[in-house]
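Report on the structure given below.
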Amino acid sequence: MIDPVLLLIYVFVFPGFLFLFAYALTFEFLDRRIAARMQHRVGPPFFQPFADVVKMLGKEVIDPDGVNLRIFDAVPVVALAAVMTAFLYIPVVGASPLAFQGDIVLILYLLTLPTILLFVLGWLSRNIYSAVGGIRAITQMFIYEVPFFLVLLTTATAAGTWSISAIVVCQQNYWWYMFLQPIGFVVALICLQAKLERTPFDIPEAETEIIAGPWTELTGRRLALMHLARDVSLVCGCALVAALFLGGPMVPWAISPAWLGWIVGFVLFCAKTLAILLVLSAIRAATGRIRIDQLNRIGWKYITGAALVQVAIVLVVNFWWVRP
Amino acid sequence: MANVVIPIGPQHPALKEPVNFRVIADGEKIVRLELTLAYTHRGIEKAAEARDFIRVLPLLERVCGICSHSHATAFAKGIEEIMGVEIPPRAQYIRTIIAELERMHSHLLWLGVAGHEIGFNTLFMWTWRDREAVQDTLEEMSGNRVHYNMNEIGGVRCDLSPAQVQAALARLPLLEERIQKYVAMVEEEETMLLRFRGIGNMTRDEALAYGAVGPTARASGVDYDARRDDPYLAYADVPWNVVTDTHGDVYGRTCVRIGELQESAKIVRYCLEHLPEGEIRSPAPKAAPTGEIISRYEAPRGELVHFIRTNGTDKVERLDIRTPTLANWTSVAMCLAGQQLADIPVIVAAIDPCLSCTSRITVLDNNENTGGIITFDELRKRNRARWQEEERT
């Protein structure tokens, strides 16, 4: 049993709420900055995302006509809570103290919630753009979730455990799964981009077609919370892929004293998540938006196909070669 | 999903100017499209009748913020023909240089907007930055970035100094290099190919039947360009090619515009290098004799037509402007049927619509079979009645 004070600190200060907010907003800054530099722009200053959130929290909240306000208010809060909870199970400085067998399933479930809530938002908003955006969000979810789950759970199959922290430890003994399962890694990155609704998969909120999709009727603190939820899911997604494919915060040798090990782990965590963010930002800046029917075709034909190939390879290897 | 009506505009992120589409869609598929155009009627044609020719030119530049030189040149060209004034070769070359620089900045702007419509904002930022080189050249030559005001009846307003010619020539290599990059991008960039190919198809016969003009028509294989087929300014002296394409879709229209960018750069370079010496203005009379003329001009968006009727005074009796966008609108409505909802912005953008230039008002009452002139108050009353009716339904 761990110390309840330490647990509270873990949940609320580091790497929980406080750190997570700061890190998520820093991520948004870096994301915008990298894209801006690729586009020959200067980009926003460091404090811009922080200022945006504070500003939006203070803005007037406009209630659309005939909307169930109780659910409308709850949706952004639930979305933010879900992704923040998911982050607690991802190893940041070492194995998560909350880890248990099957936490990978819980994380995947919690990370899916915001998309479903976006659909609910779109449906509730009584706005044609939101409705179309919500339907697109849920259609897109069915396309990318299957290969995303397949490749992430393949790492669990290969490691023979359903706990993320244990999968990370398993990679300590062998190579990173990025090298052992390269197809799975690429598929995971593509699906992560789709999950976070970033170009070329920003179909649900395609600005030039349906204004802001499900976000259209969000104002004030609802918009601020939804915005935060998106930034936090960006961090969660990057951290999840870093843990499952890049070996997370662990190093293959023991470091003493323990606090030095934590610092090294934290630095590794930052470096790996930032590397993934760099790739995601580069994809965002280098592509245009594809259509939902094109995503449907590409998703089921190629991405899911590649994921299934990866699953088959891992199953065959597991069958012939029993882990020591 | 049953048919839903999706209103796009008059205020919408995809639109730079006010227009209203009522898209009747079945899920993501477009069934039908209803257009409402005139939100920005400014009465320029009527205002032109109240001014003398000298003051009509700056007014006509304000028809459009992008092809300002086109409108002024089309008008000046027509009036000069009625007057029987021949403008000196140097003035013709300078007008050509400005016209082609204008085409370059218009097409670069369009390429960026097309990228933006499919969410490819990097292309947008790049082309708009490169467009600044063209704008700088124009500013150096005329003193203005948008409304160059280079035309006068009988010639041009200001001469080009050797230093200005050298500065413009020095900027061209960079532009040509960047244009080459965009050619490669259009051919290779995967998401652009996915979104541009096979979208908004129009065959050659359809283009002719719907009266499409400019790059929209040339992308469907209509080999027509007013610069070659009814030569004006210096185009007859300059070696250049009409760019056509047979794809007939948005991809084809992109290829034509990028090809025209290359040709325009060539024309500008030739004109700058072969700029004839001499006067820049011929003396022109103040008043024009009675006459009617149709002045044709290949604007960046297609063939621009000015109909001018003069009555022996220093004012026009009637000026009618047919902008290329008006000629292309019907083809858009045709192209959109059966396409995906997501393709609306890019198909509409593919004709490079310029809405404020196109806004005209004609009052027709089919029930009473009347039409003609109405007062402003009457117009407001009718608009209010229509608006209230729409609110009710």
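Of note:
- Cβ crowding within 10 Å, taken as a proxy for footprinting-reagent exposure, orders A:VAL13, B:VAL56 from fewest neighbours to most as A:VAL13, B:VAL56.
- Per-residue mean of foreign Cβ neighbours for B:112-122 is 6 (Cβ atoms of other chains, 10 Å radius).
- Three-way shape call for the range A:177-310 based on the alpha-carbon gyration tensor, with the a/c threshold at 1.5: oblate
- Simple label model, 7 Å out from Cα along Cβ direction - B:ASN367 to B:GLU389, nm: 0.7 nm
- When the charge dipole of the range A:4-320 is built from unit charges on Cβ atoms (+1 for Lys and Arg, -1 for Asp and Glu) and taken about the Cα centre, the candidate among A:ILE283, A:GLY122, A:MET250 whose Cα reaches farthest toward its positive end is A:ILE283.
- Average beta carbon contacts from partner chains per residue of A:273-281, 10 Å cutoff: 0
- Candidates B:GLN135, B:GLN180, B:GLN166: whichever shows maximal mean-square fluctuation once chain B is modelled as a Gaussian network with Cα springs under 10 Å: B:GLN166
- Taken about its Cα centre, the protein assembly as shown carries a charge dipole of about 1300 debye when Lys and Arg each add +1 at the Cβ and Asp and Glu each add -1 at the Cβ.
- Residue-averaged [θ]222 nm for the protein assembly as shown, counting only DSSP H segments that reach four residues, each worth -39500 (n - 2.57): -19000 deg cm²/dmol
- Neighbouring Cβ atoms from other chains, within 10 Å of the Cβ of residues in B:186-197, number 3 on average.
- Selection from B:ASN121, B:ASN144, B:PRO173 lying farthest towards where the dipole of the range B:77-204 points positive, charges on Cβ: B:ASN121
- Taking the Cα centre of the range A:4-320 as origin and assigning +1 to Lys and Arg Cβ atoms and -1 to Asp and Glu Cβ atoms, the resulting dipole is close to 460 debye.
- Look at the Cα gyration tensor of the range B:241-348: its axes a ≥ b ≥ c give a/c of at least 1.5 with a/b at or below b/c, and that counts as oblate.
- For the range B:44-324, the relative contact order works out to 28 percent when only alpha carbon pairs closer than 8 Å and six or more residues apart are counted.
- The residues A:TRP162, B:TRP110, when put in order of fewest to most other Cβ atoms within 10 Å, stand as A:TRP162, B:TRP110.
- Highest-fluctuation residue, B:ALA333, B:ALA47, B:ALA350 considered, GNM on chain B with Cα pairs under 10 Å: B:ALA47
- Ranked for footprinting exposure by Cβ neighbours inside 10 Å, fewest first, B:HIS274, A:HIS227, B:HIS69 give B:HIS274, A:HIS227, B:HIS69.
- Between B:THR203, B:THR362, B:THR216, the Gaussian network model of chain B with springs among Cα atoms under 10 angstrom shows the greatest mean-square fluctuation at B:THR362.
- Filter on A:LYS195/B:LYS16; B:LYS46/B:LYS315; B:LYS77/B:LYS266; A:LYS195/A:LYS301; B:LYS181/B:LYS266 - keep pairs with C-alpha separation over 20 Å: A:LYS195/B:LYS16; B:LYS77/B:LYS266
- The simple Förster model, with R0 at 30 Å and r as the Cβ-Cβ distance, assigns A:ALA22 and B:LYS181 a FRET efficiency of 0.15.
- Rounded if a/c under 1.5, otherwise prolate or oblate - chain B, Cα gyration tensor axes: oblate
- Amide N proximity, the range B:151-192 versus B:GLU140 label position 7 Å along Cα-to-Cβ, cut-off under 18 Å: B:158-179
- Note on A:ALA275 and B:LEU35: with the Förster distance fixed at 51 Å, the Cβ-Cβ geometry gives a FRET efficiency of about 0.55.
- Applying 1/(1 + (r/R0)^6) with R0 = 30 Å to the Cβ-Cβ distance of A:ILE298 and B:GLN11 gives a FRET efficiency near 0.35.
Where a number appears in this text, it was derived from the coordinates with a stated rule and is not lab data. Everything numeric here is computed off the predicted structure, so don't read it as measured data. Because the Cβ atoms are built from the backbone with ideal geometry, glycine has one as well, and the counts that use them run over all protein chains shown.
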